[in-house]
Amino acid sequence: MLVQFSGQATSFGALEPGLCFAFERAGKAHIGIKVRDEASGGAADSCVVVWAEGGDGPALLPDAPPGDCPVLSLPDAMFQPAVDPAQVQTEGTG
């Protein structure tokens, strides 16, 4: 299987909330979405991992990547839910 990403090299701090991006964490490739928590009165950036090499995810990272963390922005990324519920995997690699 071949997976290709087209995007632009940037940093986590330069991404706008809501954008999808690829990055490396703990030596593994990850795909995440930058989110901003404004409910607590502040504007803290965080990251929701939607896919990780090795099957980890989806999950909200306890700590956001540093602002200068190199990432590949994926502005054209699209997530399409599975039509068949039997295809949805909630555990293991998927």
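Throughout, read-outs are computed from the coordinates displayed, never taken from laboratory work. Since the model is a prediction, treat every value here as computed from it, not as a measurement. No Cβ is skipped: glycine too gets one built from the backbone with ideal geometry, and neighbour counts run over all protein chains shown.
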* To do: Would you mind checking which residues have amide H under 5 Å from Val35's amide H? H placed 1.01 Å from N; only 5 or more apart, or other chain.
  => Gly18, Ser46, Cys47, Val48
* Scattering profile of the range 8-76 at q = 0.21 Å⁻¹ [log10 I(q)/I(0), Debye over alpha-carbon scatterers] -> -0.83
* To do: Could you please rank Glu24, Glu38, placing first whichever residue has the fewest other Cβ atoms within 10 Å of its Cβ?
  => Glu38, Glu24
